[in-house]
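> The following block contains the structure, expressed as structure tokens.
The values are calculated or read from the model by the stated rules, or taken from the named source; none is laboratory data. All of these numbers come straight from a predicted model, not from anything done at the bench. Because the Cβ atoms are built from the backbone with ideal geometry, glycine has one as well, and the counts that use them run over all protein chains shown.
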Amino acid sequence: MTACAVCDRTSAKPLWTVNGFDVVACGCGLARTVLPPGFDPASIYSEEYFQGGHTDGYADYQGSADALHAEFRSVVAALARFVPGGSLVELGCAYGYFLDVACERFDVCGVEISDPARDACQARGLDVVRTLTPDLTERRGPFDAAVMLDVLEHMPDPAGTLGELAASMRPGGKLLITTGDWGSVMARMLGKRWRLMTPPQHLWFFNRETLTQLLEQQGFRVIDFTHPWKRVPFNLVTYQLTRYLKHPGLLRRLNSLPGAVPLNLFDAMRVVAERW
């Protein structure tokens, strides 16, 4: 069994099985997905994942570019409260829509494991590579800012990723992370039916305490914590609601509608941390 990313224990309490994958909880409070031997999480992030081919993915990521740009402007503004400019790297940048906005304040580059998403970024002239390599750090770092938007929970090795990221940043650099809050009322009420309980896409389920502990172990200290409102593409809301309905036909017909809706279920957290 995969060891806990926070306390490195392998023993854990079984919680339930979702999408055919066991989810267990460690004594430290971190829950995780148990992957079978040989399963490659990177195989999930095909073009279909972003374009309606996965129940737990996106309805039309590229078609939601305008709505996502609007949401990411608010994220850039939140980050700019702590670091006004400089070099920035985004891990898990998808099709680069955050980088499109962030480049107005920062010198940006990105990391994206999905081949079609990375190709789309590069076709628009964005400096996006598959992994955070020493070459990228040498060319574009050390970084003053880093961003991981709903990405850390997807990482097979979040501790290792954060450690590599810390090594690529300046002391005093700022890291902004968004991820689900496993300690939230909504998560605890819904359990295995929580909207973010989606293995094998989501591998880790953090709460405020476990995320803080993980960041501290890897060279960061938390300086801000919020449950922010988000502008969520309307088609994503309707698309993901189909998972809960026995007769989802009506909502599927709404998946092509443009625009976004303000949403806050207080089950997603945004953390800003400082590199020591």
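> Tell me which residues, restricted to the stretch 245-267, are modelled with pLDDT of 80 or more and either over 22 Å from Ala70 (Cβ atoms) or out of contact with any helix residue (DSSP H, G or I) (no Cβ under 9 Å at 6 or more places or on another chain) (or both).
Here is the first cut: in the stretch 245-267, the residues modelled with pLDDT of 80 or more are 260-267.
Listed by number, the residues that qualify are Pro262, Asn264.
> Of everything in the stretch 203-233, what is in contact with a Leu (Cβ under 6 Å, 6 or more places away or on another chain) and under 20 Å from Thr2 (Cβ atoms)? Give them in sequence order.
Within the stretch 203-233, Thr210, Gln218 qualify.
> Sticking with this structure for a sec: Just a yes or no: is a residue in the stretch 3-15 closer than 23 Å to Ala187 by Cβ and among the basic types (Lys, Arg)?
Within the stretch 3-15, one or more residues are closer than 23 Å to Ala187 by Cβ and among the basic types (Lys, Arg).
> Here is a further query. If you scan the stretch 150-187, which residues turn out to be part of a strand (DSSP E or B), crowded, with 20+ Cβ neighbours inside 10 Å and not polar (S, T, N, Q)?
Once the filter is applied, which keeps residues that are part of a strand (DSSP E or B), crowded, with 20+ Cβ neighbours inside 10 Å and not polar (S, T, N, Q), the stretch 150-187 yields Met169, Gly173, Lys174, Leu175, Leu176, Ile177, Gly180.
> Could you tell me whether any residue of the stretch 37-60 is modelled with pLDDT of 95 or more, outside any loop (DSSP other than H, G, I, E, B), more than 19 Å from Leu99 (Cβ to Cβ) and polar (S, T, N, Q)?
We begin by selecting, within the stretch 37-60, every residue modelled with pLDDT of 95 or more; these are none.
No, the stretch 37-60 has no match at all.
> Applying the selection to the stretch 37-59, what residues are under 28 Å from Tyr239 (Cα atoms) and surrounded by fewer than 15 Cβ atoms within 10 Å (Cβ to Cβ)?
Just the residues of the stretch 37-59 that are under 28 Å from Tyr239 (Cα atoms), to begin with: 39-59.
Those that are under 28 Å from Tyr239 (Cα atoms) and surrounded by fewer than 15 Cβ atoms within 10 Å (Cβ to Cβ): Phe39, Asp40, Ala42, Ser43, Glu48, Gly53, Thr55.
> Next up: Taking the stretch 33-50, which residues are in contact (Cβ under 8 Å) with a residue 12 or more places away in the chain and closer than 28 Å to Gly63 by Cα?
Across the stretch 33-50, the qualifying residues are Pro41, Ala42, Ile44, Tyr45, Ser46, Glu47, Tyr49, Phe50.
Here is a yes/no grid of residues against (1) in a loop (DSSP other than H, G, I, E, B); (2) within 11 Å of Val147 (Cβ to Cβ); (3) in contact with a His (Cβ under 6 Å, 6 or more places away or on another chain):
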{"residue": "Phe82", "(1), (2), (3)": "yes, no, no"}
{"residue": "Tyr95", "(1), (2), (3)": "yes, no, no"}
{"residue": "Leu99", "(1), (2), (3)": "no, yes, no"}
{"residue": "Asp107", "(1), (2), (3)": "no, no, no"}
{"residue": "Ala117", "(1), (2), (3)": "no, no, no"}
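> Name the single residue, out of those in the stretch 193-216 being charged (D, E, K, R) and assigned to a helix (DSSP H, G or I), that is surrounded by the fewest Cβ atoms within 10 Å (Cβ to Cβ).
By that ranking, first place goes to Arg193.
> What number of residues in the stretch 170-196 are farther than 18 Å from Cys26 by Cα, over 19 Å from the mean Cα position of the chain (by Cα) and in contact (Cβ under 8 Å) with a residue 60 or more places away in the chain?
Number of matching residues: 5.
> May I pose another question? Quick check, is Ala187 at pLDDT 95 or above, of a type in the set (A, V, I, L, M, F, W, C) and closer than 23 Å to Gln62 by Cβ?
Numbers: at pLDDT 95 or above: yes; of a type in the set (A, V, I, L, M, F, W, C): yes; closer than 23 Å to Gln62 by Cβ: no.
Against the criterion (at pLDDT 95 or above, of a type in the set (A, V, I, L, M, F, W, C) and closer than 23 Å to Gln62 by Cβ), Ala187 does not qualify.
> Check off (1) β-branched (Val, Ile, Thr); (2) over 18 Å from Asp157 (Cβ atoms); (3) in contact with a helix residue (DSSP H, G or I) (Cβ under 8 Å, 6 or more places away or on another chain) for Val6 and give me the number that stays unchecked.
Only one criterion is unmet by Val6, namely (2).
> Residue check: is Gly20 without any contact (Cβ under 8 Å) to a residue 40 or more places away in the chain, surrounded by fewer than 20 Cβ atoms within 10 Å (Cβ to Cβ) and over 30 Å from Thr212 (Cβ atoms)?
Against the criterion (without any contact (Cβ under 8 Å) to a residue 40 or more places away in the chain, surrounded by fewer than 20 Cβ atoms within 10 Å (Cβ to Cβ) and over 30 Å from Thr212 (Cβ atoms)), Gly20 qualifies.
> Consider the stretch 7-27. How many of its residues are among the polar types (S, T, N, Q) and closer than 15 Å to Pro199 by Cβ?
Filtering the stretch 7-27 down to residues among the polar types (S, T, N, Q) leaves 10-11, 17, 19.
Filter once more, keeping what is closer than 15 Å to Pro199 by Cβ: 17, 19.
Qualifying residue count, the stretch 7-27: 2.
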